[in-house]
Amino acid sequence: MKKKIIGITCDIKGKFYESEIAYSEMIIKSGGIPFYLPMTTDKYAASKIISSIDSLLITGSRDIDPAFYGERKSKFINPLDKNRTLSELLLISLARKKKKKILGICGGMQLLNVALGGTLHQDIKFNIPDAIKHSDGVTHKIKIFPGTFLYKLFKKTSAQVNSYHHQSINILASPLIVSAETKDHIVEAFEDKNGKVLGVQWHP
Ligand code: MN
């Protein structure tokens, strides 16, 4: 079978792009061909980029301006990169149009939810005081719902995963269903009904 080409989004750090090496290494290990993508809001370029890949990986490591989901910025929001968010939103909308598969990891999952019409808790500790710890790379248990695509991957109803997030899904976008959660009901994974979108809150 022909190897799938996976486009990976990047952070914009001044004059440079930055993304974790682990993304490309794990894609190669899993039998895919990774490409780190330039972040652009040029529609023609973005459209050609999406046509050139089989699937899109939206990576983590940033907060999204709450203005994108109709809220004012609280003091818990980390420095924002608006150009990255705008570029990723454009890539997601083109990937949806061209029926490409999209995987969102951590902050990438949160952005996917916003792109499809959902909202976020700006800070778990502030918004859900009795939630378990989700930040600083702790590990916690998730419950995986039978009948989901995620369940097909894991073949079990629970797993231990890492956790590096201070935000979480608040209102889930309407095309999505929850495929895993923690005991405090934080959404840890979602997917859409036609198998084109998967979001995971941990770093696989
Ligand atoms: Mn978590």
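The values are calculated or read from the model by the stated rules, or taken from the named source; none is laboratory data. Computed from a prediction, not measured in an experiment: that's the story for all the values here. Note: ideal-geometry Cβ built from the backbone for every residue, glycine included; neighbour counts use all protein chains shown. Just the protein is used for accessible areas: all its heavy atoms, side chains included, with ligands, DNA and RNA removed. Shrake-Rupley method; radii C 1.70, N 1.55, O 1.52, S 1.80 Å.
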- [ ] Could you please give the count of residues in region 155-204 that are open to solvent by 40 Å² or more (accessible area, probe 1.4 Å), within 16 Å of the ligand (Cβ to nearest atom) and among the hydrophobic types (A, V, I, L, M, F, W, C)?
- [x] 2
TODO: Report yes if some residue within region 111-128 is more than 25 Å from Glu71 (Cα to Cα), modelled with pLDDT of 95 or more and within 16 Å of the ligand (Cβ to nearest atom); otherwise report no.
DONE: no
- [ ] Identify, by number, the condition in (1) out of contact with any helix residue (DSSP H, G or I) (no Cβ under 9 Å at 6 or more places or on another chain); (2) open to solvent by less than 30 Å² (accessible area, probe 1.4 Å); (3) assigned to a strand (DSSP E or B); (4) among the hydrophobic types (A, V, I, L, M, F, W, C) that Leu150 doesn't meet.
- [x] (3)
- [ ] Go through Phe154, Phe126 for me and flag whichever is without any contact (Cβ under 8 Å) to a residue 24 or more places away in the chain and among the aromatic types (Phe, Trp, Tyr).
- [x] Phe154
Task: One residue from Val178, Val200, Val187, Val161 being modelled with pLDDT of 95 or more, of a type in the set (A, V, I, L, M, F, W, C) and over 15 Å from the mean Cα position of the chain (by Cα) - done: Val161
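Yes or no, residue by residue, for (1) in contact with a helix residue (DSSP H, G or I) (Cβ under 7 Å, 6 or more places away or on another chain); (2) assigned to a helix (DSSP H, G or I); (3) of a type in the set (Gly, Ala, Ser); (4) away from the ligand (no atom under 14 Å from the Cβ):
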residue	(1), (2), (3), (4)
Ala67	no, yes, yes, yes
Lys73	yes, no, no, yes
Lys99	no, no, no, yes
Lys143	no, no, no, no
Task: Residues that are under 18 Å from the mean Cα position of the chain (by Cα) and open to solvent by 100 Å² or more (accessible area, probe 1.4 Å), drawn from region 26-47 - done: Phe35
Task: Gly104, sole failed condition from (1) free of Cβ contacts under 8 Å to residues at least 60 places away in the same chain; (2) open to solvent by less than 10 Å² (accessible area, probe 1.4 Å); (3) out of contact with any Ser or Thr (no Cβ under 7 Å at 6 or more places or on another chain) - done: (1)
- [ ] Within region 15-31, track down each residue that is touching a strand residue (DSSP E or B) at 6+ places or on another chain (Cβ under 6 Å) and either without any contact (Cβ under 8 Å) to a residue 12 or more places away in the chain or over 17 Å from Asp81 (Cβ atoms) (or both).
- [x] Glu18, Tyr23, Ser24, Ile27
